[in-house]
1. Counting residues that are buried (at least 20 other Cβ atoms within 10 Å of the Cβ) and of a type in the set (F, W, Y), which helices (runs of 4 or more DSSP H) fully inside segment 194-274 reach at least 2?
2. So A208 ticks every box in (1) touching a residue at least 12 places away in the same chain (Cβ under 8 Å); (2) closer than 22 Å to I54 by Cβ but one. Which box is left unticked?
Amino acid sequence: MPETSRTRPRSADLARLARTYAGPLITAIVLLVFYAGDNPFWIYNLTLVATYAIVVVGLNVFVGYLGLVTFAQTAFMAIGGYSLAILTVRHGWNPWAALLAGLLLSVIAAAAVGVPLLRLRGHYLTMTTFALALGTFGYITGATSFTGGSVGISGVPPLAVGPFSLANPRDAYLGCWIVVAVVTWIGVRLRNSHVGRAWQTISSREEAGTSLGLRVQRFKVIGFVLAAVFAAVGGALYVSFTTYLSPDLYDSTIGVNLFVMLFLGGRGRTLAPIVGAAVLILVPQQFSALSDYQAILFDCVLLVIILLKPGGLLEPPQWLLRLGRRDRGTAPPVTTQAEPVRQDAPAIGADR
């Protein structure tokens, strides 16, 4: 008697639910444990993880969903951070108004730069965004009268709502992780929307998307602007809870580290920004006692991770993938030499 949907084993559905909710649930439990412990070291460093995770969520939209490469995230982090600092410290703005102004400025800048820039492809796009990041760093370093130069700006008023203020480490910890949850949810919703499906089509075969009538340039600009907004939010939150900023926060090393965070977690995965930021920020703390060898030890750890888990730390193990195929009653296709293999074209817009 053929197996019906009512009698089919439910282990595949349980595995799917586990993959969907286990990661966020475990993350929430771990963060609550550290919050309850009230350890200043962990509170500060996990808040730092949250601010960078927000930036990497935006990078994941552009790199993970669209399949393009940008180093411009540090430029938009600088827009968010310096807008908050300059408008509040020098012009007496309310921090929330300064934050909104920074977000609006990042949208305008990303759209103005993205429209001509995203017509480039491949390494031309990569190098142009890298030049944009370097140019931004050079400007904020050299414009001493406007940005404070290498000295930076201190005494930035924190974002606050009543007694809740990012000047308080526990409030900053809680507030930043709430923002992480919100932007992660937005990223998931975008990935599952028609915009996300258009991004996946462009990522797999841009020419096919054009032939289907997709306005490829428009969808690229949308992804670039969203990535810029997330970067500006992360940059502003970092400045708000540290109450200080300097050009060192936006140099080329930070841009490279953002990419390392994304690929450590796994490009295109929901929790990749959180996992990657946590590894890159917290693991070096464990090598602090070996200051003379800290850099080389950490680089070796990263190399081992990349070699053993090229798909990122969140890549499911092979046994779990085989279990899912068996529960669905599917198996990898088997071919022989006597039977020619049909070369079908991949489905347009299919998940990679």
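The values are calculated or read from the model by the stated rules, or taken from the named source; none is laboratory data. What you are looking at is a predicted structure, and each value in this text was computed from that prediction instead of being measured. Virtual Cβ from ideal backbone geometry, glycine too; neighbours counted across all protein chains shown.
1. Details: elements: 194-204, 206-211, 216-242, 252-265.
Correct list: 216-242.
2. It fails just one condition, (2).
Matching residues to (1) surrounded by 14 or more Cβ atoms within 10 Å (Cβ to Cβ); (2) out of contact with any Ser or Thr (no Cβ under 7 Å at 6 or more places or on another chain); (3) under 17 Å from A227 (Cβ atoms); (4) at pLDDT below 90:
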| residue | (1), (2), (3), (4) |
| --- | --- |
| G102 | yes, no, yes, no |
| I108 | no, yes, yes, no |
| T129 | yes, no, yes, no |
| L132 | yes, yes, yes, no |
| I140 | yes, no, no, no |
| S145 | no, yes, no, yes |
| G149 | yes, no, no, yes |
